[in-house]
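**Q** Let me give you the structure first, and then I'll get to my questions.
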Amino acid sequence: MHGDFLTQALVYLAAGVVTVAAAKKLGLGSVLGYLIAGALIGPFALNLTGEAEDVMAFAEFGVVILLFLIGLEVRPALLWSMRKTIFGLGGAQVVATALAIAGASMIFGLPWPTALAAGLVLAMSSTAIVLQTLDEKGLRQGPVGRAAFGVLLLQDLAIIPLFALLPLLATGPVQLTSDTHSTSLVADLPAWMQALAVLAAVGAVVGGGRFVVRPVFRFIAQSRLREIFTATSLLIVVGVALLMQIVGLSPALGAFLAGVVLAESEFRRELETDIEPFRGLLLGLFFITVGATIDFGLILREPLLLIGLVLGLMALKFVVLFALARVGGASNRLAATVAVALAQGGEFAFVLLTFTVGAGVISQPLADLLTAVVAVSMAMTPLTVIVYEKILTFLDRKNPTESIADPTFEEEDAEPDIIIAGFGRFGQVTGRLLMANGFKSTVLDADIEMIDLLRRFGRRVHYGDATRLDLLRQAGAERARMLIVAIDDQEKAAELVERAREAFPHLTILARAFDRRHAYDMLANGADAVERETFEGALAMGVTALKSLGFRAHRAHRAADYFRRHDLRTFEELRPMWGQTEAYMLASRDAAQTMDRLLAADLATMKPGAADGWDPSGRDEDQREAAEQEGPARPA
Amino acid sequence: MEPEGREPSVLVVFAHPALERSRANTVLAGAARDAAGVRFHDLYETYPDFVIDVEAEQRKLLAHQVIALQFPMYWYSTPALMKEWLDLVWLHGFAYGKGGDRLKGKQLFVACTTGGPAQAYHKRGYNRFTMEEFLRPLEQTAALCGMTWENPYVVHGARLKDDAHIQGEADRYRARLEGLAASARETV
């Protein structure tokens, strides 16, 4: 009965909605929520999923989109600066982990080729789970995220030689002469031609992104067809993924490359917002299917073996990566965080295992076992991260001197006047003004490099995701007078305002808003005052423009003052209507007209010859009369 | 003409919140700007937001022998920013009071325009007092600071005069400023 599409969609969506919401409430994070959802509806529990494999193939596209979006954030220069991490740490991780696992497997009696194959397959980590988890913890942008991403990127690269290498390790009978799992059309060609094809494909992506995609987007943008823009964005991602598959590269890697190429284009933002929803849904679906593949039958039959293997795998991967990161100069904290994040097996393992079975390298029962191990290790990751965080918090409390991956609050910080969440371009200016005027403040920011820098200048800055209430509490929210929300993630900012308002009703909450809509949301969530982040800057630019156009400085200044007053008035007037979209649209159109009128009025009053207190031309007549009279005039 | 390398000895501190609307003051300000031995300092242009740099202003005052205040008369007084400038720059301990002798021996010269005609500034005119009387607060400011009060230059009924008339006023004003500059140079 579960073949039909709507029923399937209903099952997946319902499971996702319920468990993810519950997991979030319990502080477990969305990844774990999805995985639990998958396990629940999977064949080993409720058995509501149909062709889970089909769904999985579809859902893996979520990973491709994820990598594309990440590529959009990585300018080529940034990628270049990461080369050491990618090839140094990443390369060493794959080799060392593979050898370590192979060694361990041989101790368990596997022949060396099988052991090596298992090692290579299990050396991979899960891009989707790692990045999503780091994202939720606010760690993806910092050094932890960069190191983890570098390693993941190399693993993606390593897939290509792996497909070539693994068949050489064949011990058993080769079941399939031509590999049906790889859709690579060039697999049968000689190596140099394959290499050529790969180079050509990469060249096509780079060149296409530069010279074809941009004009196409410009054309579509002019046509103002929103959904065509979205469709084109998806078309690019799908096209690149397919192209990469044809030449035997990882589709995710290709999508990442395409993202990097487009990172500097003017359409970056739009691409991001258009594709973002697909990423969320498909990744969710992907996690659900991973959850559904967990073979509880196998686990129940051999629980100890499985638990032992999972723990062994994760411990091995942790130790290897931790050691390598330490050798590479990372601090204990950084190395441990990266190693914890990457300690699981990856989704590539599923593909590779099927492939190795086909190539006669690994036997079917072993592959089944390893698949279960990988799936369980993936599911364990969000949990281990939570446990890891708890350990860190505990350590910090015991030894509050050294810390970077989690905040500590020294005694003097215990009673700040103000807590500033987010110390980037916006928070810095506000914060410096307040500090310069003698207010004690605690700063929370999620960018470790920024924190290091500020600490060197003796500022009290702490690492942490301010949306976490426990961090706010530790930062002194119970006794502080004010919370300034200056983080640039719009949703997080709104979430923080809402939570802080609920948990600390006494706080005055000032919030940085992205735009008018966001500002209304923040007010609705309980902010006492908002500031649209670009408003004052834009106004100041207007003043500079007016002056350059010949306005006297004071006139330009007053023009901006008038403008600000009017804009703030309409902002307040429209506030009650916020939420009723129709009414708001109408009213804001009206406001635009008001603005026209105001500007016209401004123009009229500022014209030479107009009357006001500085320019009493209205009295000219009186005075002319007075002047014409003989002798002193009487008062007018 | 001003000899090369010579620092101007007259500082014209000018205040008009809406110069673009005042024909007379635009011409008079131009005359001051062009006058030899004169530094022209436009308050509303320098401090459109009223945030006055006190130290910079005091340095300017110290660097000149003659301080000239040029402004349109609003409600029998200076425009708001010039009052703010006096309040914040002419400080106790700098301009007056204990140790406040830094402006002593300098000259204070006022040049102002009025909307009303000359005869309004008369005991029986509608303004009931003479210009001399309306300028008393500034005159006393000079006295308190140990400065010499120069005879003010007043242009009445500025809005009513034709261009030629105003140009004549501007030429006379410029001559007056250059005279002050020349004599100040001799005394120094």
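The values are calculated or read from the model by the stated rules, or taken from the named source; none is laboratory data. Please read all numbers here as calculations on a predicted model, not as lab measurements. When we count neighbours, we look across all protein chains shown, and the Cβ atoms used for this are built from the backbone with ideal geometry, even at glycine.
**Q** Considering A:348, A:322, A:286, A:318, which residue is of a type outside the set (A, V, I, L, M), at pLDDT below 80 and part of a helix (DSSP H, G or I)?
**A** A:348
**Q** Which ones in the range B:159-188 are touching a residue at least 24 places away in the same chain (Cβ under 8 Å), outside any helix (DSSP H, G or I) and not aliphatic (A, V, I, L, M)?
**A** B:159, B:161
**Q** For the range A:447-520, which fully contained helices (runs of 4 or more DSSP H) count at least 2 residues that are under 24 Å from residue A:389 (Cα atoms), at pLDDT below 75 and hydrophobic (A, V, I, L, M, F, W, C)?
**A** Counting at least 2 such residues, we get A:448-456.
To keep it simple, each residue is scored yes or no on (1) modelled with pLDDT of 95 or more; (2) among the small types (Gly, Ala, Ser).
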site: B:1; (1), (2): no, no
site: B:5; (1), (2): no, yes
site: B:29; (1), (2): yes, yes
site: B:42; (1), (2): yes, no
site: B:75; (1), (2): no, no
site: B:101; (1), (2): no, no
site: B:106; (1), (2): yes, no
site: B:110; (1), (2): yes, no
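**Q** Considering only residues that are part of a helix (DSSP H, G or I) and among the polar types (S, T, N, Q), look in the range A:524-581 and name the one that is nearest to the other protein chains (Cβ to nearest Cβ).
**A** A:544
**Q** (1) in contact with a Lys or Arg (Cβ under 9 Å, 6 or more places away or on another chain); (2) surrounded by fewer than 14 Cβ atoms within 10 Å (Cβ to Cβ): which one isn't true of residue A:265, the others all being true?
**A** Among (1) in contact with a Lys or Arg (Cβ under 9 Å, 6 or more places away or on another chain); (2) surrounded by fewer than 14 Cβ atoms within 10 Å (Cβ to Cβ), the lone unmet condition for residue A:265 is (2).
**Q** Related question: Somewhere in the range B:97-108, is a residue over 25 Å from residue B:185 (Cα atoms) and outside any loop (DSSP other than H, G, I, E, B)?
**A** no
**Q** Does any residue of the range B:128-145 turn out to be in contact with a Ser or Thr (Cβ under 9 Å, 6 or more places away or on another chain), within 14 Å of chain A (Cβ to nearest Cβ) and farther than 26 Å from residue B:40 by Cα?
**A** No; the residues of the range B:128-145 include none that is in contact with a Ser or Thr (Cβ under 9 Å, 6 or more places away or on another chain), within 14 Å of chain A (Cβ to nearest Cβ) and farther than 26 Å from residue B:40 by Cα.
**Q** If residue B:97 satisfies all but one of (1) more than 12 Å from residue B:144 (Cα to Cα); (2) without any contact (Cβ under 8 Å) to a residue 24 or more places away in the chain, what's the number of the condition it fails?
**A** (1)
**Q** Return the total of residues in the range A:254-270 being assigned to a helix (DSSP H, G or I) and modelled with pLDDT under 80.
**A** Here the count works out to 3.
**Q** Within the range A:227-251, which residues are under 16 Å from residue A:163 (Cβ atoms) and free of Cβ contacts under 8 Å to residues at least 60 places away in the same chain?
**A** Selection gives A:244 alone.
**Q** Now, a different point. On the basis of being part of a loop (DSSP other than H, G, I, E, B), touching a His at 6+ places or on another chain (Cβ under 8 Å) and either more than 30 Å from residue B:93 (Cβ to Cβ) or of a type in the set (Asp, Glu) (or both), does residue B:125 make the cut?
**A** no
**Q** Considering only strands (runs of 3 or more DSSP E) fully contained in the range B:1-77, which possess at least 2 residues that are more than 14 Å from chain A (Cβ to nearest Cβ) and either of a type in the set (Ser, Thr, Tyr) or buried (at least 23 other Cβ atoms within 10 Å of the Cβ) (or both)?
**A** B:10-14, B:66-72
**Q** Could you pull out the residue among A:284, A:291, A:308 that is surrounded by fewer than 20 Cβ atoms within 10 Å (Cβ to Cβ) and of a type outside the set (Phe, Trp, Tyr)?
**A** Matching residue, one of A:284, A:291, A:308: A:308.
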